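Engineer: Structure below; questions to follow.
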Amino acid sequence: MPELKTRWDIFCTVVDNFGDIGVTWRLARQLVAEHSLSVRLWVDDLRAFERLCPEIDIHHAQQWQEGVEVCQWPTDWLPTGAADVVIAAFACQLPSAYMGAMAEREKPPLWINLDYLSAEDWVIGCHGLPSVKYKNVQKYFFFPGFQRGTGGLLRESGLLERRRTFQQSPEAQREFLQGLGIDRAPNAQLISLFAYENAGLASWLDVMAADLTPTHLLVPEGRILGDVARWLGVDGLVAGAVHVRAGVTVQVLPFVRQDQYDRLLWCCDFNAVRGEDSFVRAQWAGRPLLWHIYQQEDDIHLDKLDAFLALYVKGLSGPASDAISGLWRAWNAGENMSDHWLATRKHSPELQKHAEVWCLEQALQADLAAALVQFYVNWI
Ligand code: TRH
């Protein structure tokens, strides 16, 4: 293990949404809590950060949160010494003065580009490879991933044990849900919906509404709300709103802190998630999920979707595999969801078992924070 209090700097630009800050905040906390490292997290948008962590004071350029030194990444960079390990999240461009400080160190730092998550095979070949060099400082690619030979996924120590204990306690779940103002109807299936705008939503809700089993749909505030409001025939939706249409009760939730969001996923029978971090968290929940992937130019995200599905469906029967793959593809194309949802419901016991198996398989890999620390240990 590296000497105590090795200094790490993590740089995060919030491009859009919450994934950039969601991932780096989680990583920063874990490096402090589980590896006793000294971590500074440089973030250019404290307002986005505040949504995940309400304790953030957006007026403070420097503050401590859960042992992490959170620094506002200023437009006009102020001179600061470079850390032992420097992580540029999602290929963000470091301040040039900071790069100068890296090059001036007697021993140059380990410089890592923490990349986007992808299940594509090429990731294994590229993970850990040297990238560009700035003067004497070498940058390396670090790829999270689902397969051996990648950097793994963010997973805090004891996460799955905590999740299982929680899922085994109806009382703990009831108490947690009540804290969010949710009273789960006894026979309803509980579904969470965190997604980008989606033209396929109405068809999905229509088929849920006609189902004999009622649905309690929990929708955190966000981009899908407009589509939900249109389906309900209401003008707008805000946190706290509850509307019933046929078999579907829609409840809008406030954006909650990351650990609460985790528990929400643990409570639900089915989770629709998006982007990167919520996608991973839904896998740790051990429940069937639907991924709304972040759209990229030239539809390259569809290759990523297929690459993940190819891994995920291994071990499923043909019909269950077709059902879940069809559902994911329809959702990501904004197409009609009805038949795919009916097929998914039909295979729900198998998909439930599979979600747990997948989760356990993924947990056999070293987690991303541990893999980063190991990468550093191997490098020094
Ligand atoms: O918000 P996202 O769509 O984020 C991203 C960004 O678009 C990013 O640019 C892109 O590169 C990436 O996707 C792939 O989805 P994501 O990654 O799931 O991030 C959401 C974060 O918000 C995640 O950390 C979970 C957290 N969250 C809460 O803390 N509370 C909540 O109530 C909800 C709904 C989410």
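The values are calculated or read from the model by the stated rules, or taken from the named source; none is laboratory data. Every value quoted in this text rests on a predicted model; they were computed, and no experiment measured them. Reconstructed Cβ throughout: ideal geometry from the backbone, glycine too, with neighbour counts over all protein chains shown. These accessible areas exclude ligands, DNA and RNA; they are computed on the full protein's heavy atoms, side chains included. Shrake-Rupley method; radii C 1.70, N 1.55, O 1.52, S 1.80 Å.
Engineer: Cβ under 15 Å from ALA61's Cβ, ALA61 left aside: what net charge do those residues give with Lys, Arg +1 and Asp, Glu -1?
Structural biologist: Overall, the nearby charge balance is -4.
Engineer: How do 366-372, 132-138 rank on mean C-beta neighbours within 10 Å, highest first?
Structural biologist: 366-372, 132-138
Engineer: In addition: May I ask you to derive the relative contact order of the chain, considering only C-alpha pairs under 8 Å and at least 6 residues apart, and to give it as an integer percent?
Structural biologist: Rounded, it is 15 percent for the chain.
Engineer: Hey, can you rank 226-233, 90-97 by average C-beta count inside 10 Å, highest first?
Structural biologist: 226-233, 90-97
Engineer: Keeping the other protein chains in place, figure out the carbon and sulfur percent of the accessible area of the range 224-380, with a 1.4 Å probe.
Structural biologist: For the range 224-380, the apolar C and S fraction of the accessible surface comes to 52 percent.
Engineer: Residues of the range 67-103 with the amide nitrogen closer than 11 Å to a label point 7 Å from the Cα of ALA61, along Cα-to-Cβ, please.
Structural biologist: 72-79
Engineer: Hey, another quick one. Tell me the angle of helix 368-379 to the major Cα principal axis of the chain, expressed in degrees between 0 and 90 and rounded to the nearest ten.
Structural biologist: So the helix axis and the longest Cα principal axis differ by about 20 degrees.
Engineer: Can you tell me the 0 to 90 degree angle between the C-alpha axis of helix 170-179 and the longest principal axis of the chain, rounded to 10?
Structural biologist: Computed tilt is about 80 degrees.
Engineer: May I pose another question? Any chance you could give the angle, 0 to 90 degrees and rounded to 10, that helix 348-362 forms with the longest Cα principal axis of the chain?
Structural biologist: 10
Engineer: Please state the shape class of the range 159-362: rounded when a/c is under 1.5, otherwise prolate if a/b exceeds b/c and oblate if not, all from the C-alpha gyration tensor.
Structural biologist: rounded
Engineer: When the chain is fully extended, how far beyond the present Cα-Cα distance does PHE255 get from ASN187, taking 0.36 nm per residue of separation?
Structural biologist: 21.9 nm
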